[in-house]
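Peer 1: A single structure is presented below for examination.
The values are calculated or read from the model by the stated rules, or taken from the named source; none is laboratory data. Given the structure is predicted, the values throughout are model-derived calculations rather than measurements. No Cβ is skipped: glycine too gets one built from the backbone with ideal geometry, and neighbour counts run over all protein chains shown.
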Amino acid sequence: MIAPVHLTGTLTCATLADAALIGRTLPEHTALSRAEPGCLAFAVTPTADPLIWQVDESFVSRAAFEAHQIRTRASAWFAATGHIRRDFTIIDG
């Protein structure tokens, strides 16, 4: 049985410049992620703290999630934001 995979967590910026970088690069990253096969939901949203962004993703399967991770690591998004702290929990099913 194929079970969905959910990721939830935060991006925590060290500076307001990093938060602005997320804001500038996020629209393309979101569009590309939502267009991926198997993406059920994808959202990165600002929180009340201007340095913290909430991340919520869902994919139809572990394979779809892993394909997303591979694409993301090779993307302009990750090249620009890879230094920003990521705290994620991944839940299968």
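Peer 1: Search the stretch 65-81 for residues that are within 20 Å of residue 43 (Cβ to Cβ) and pair each with any residue that is in a loop (DSSP other than H, G, I, E, B) when their beta-carbon atoms are under 8 Å apart and the residues are at least 6 apart or on different chains.
Peer 2: 65/38; 67/36; 67/37; 67/38; 68/36; 68/38; 71/36
Peer 1: Does residue 89 count as surrounded by 15 or more Cβ atoms within 10 Å (Cβ to Cβ), at pLDDT 95 or above and of a type in the set (Val, Ile, Thr)?
Peer 2: Considered against the rule, which asks whether it is surrounded by 15 or more Cβ atoms within 10 Å (Cβ to Cβ), at pLDDT 95 or above and of a type in the set (Val, Ile, Thr), residue 89 comes out as no.
Peer 1: Suppose we keep only residues that are over 12 Å from the mean Cα position of the chain (by Cα) and not in a loop (DSSP other than H, G, I, E, B) within the stretch 42-57. Which one would you say is farthest from residue 83 (Cα to Cα)?
Peer 2: Top of the filtered list is 46.
Peer 1: Name, by its number, the condition in (1) out of contact with any helix residue (DSSP H, G or I) (no Cβ under 7 Å at 6 or more places or on another chain); (2) charged (D, E, K, R); (3) touching a residue at least 12 places away in the same chain (Cβ under 8 Å) that does not hold for residue 36.
Peer 2: That leaves (1) as the condition not met.
Peer 1: So, one more: Take the stretch 39-59 and flag every residue that is out of contact with any helix residue (DSSP H, G or I) (no Cβ under 7 Å at 6 or more places or on another chain) and either without any contact (Cβ under 8 Å) to a residue 40 or more places away in the chain or exposed (fewer than 13 other Cβ atoms within 10 Å of the Cβ) (or both).
Peer 2: 40, 41, 43, 45, 46, 47, 48, 49
Peer 1: Something else: So for the stretch 26-37 (the condition being out of contact with any Lys or Arg (no Cβ under 9 Å at 6 or more places or on another chain), outside any helix (DSSP H, G or I) and not polar (S, T, N, Q)), does at least one residue qualify?
Peer 2: The answer is yes; a qualifying residue exists.
Peer 1: Which count do you get for residues in the stretch 1-24 that are under 13 Å from residue 53 (Cα atoms) and either part of a helix (DSSP H, G or I) or among the charged types (D, E, K, R) (or both)?
Peer 2: 7
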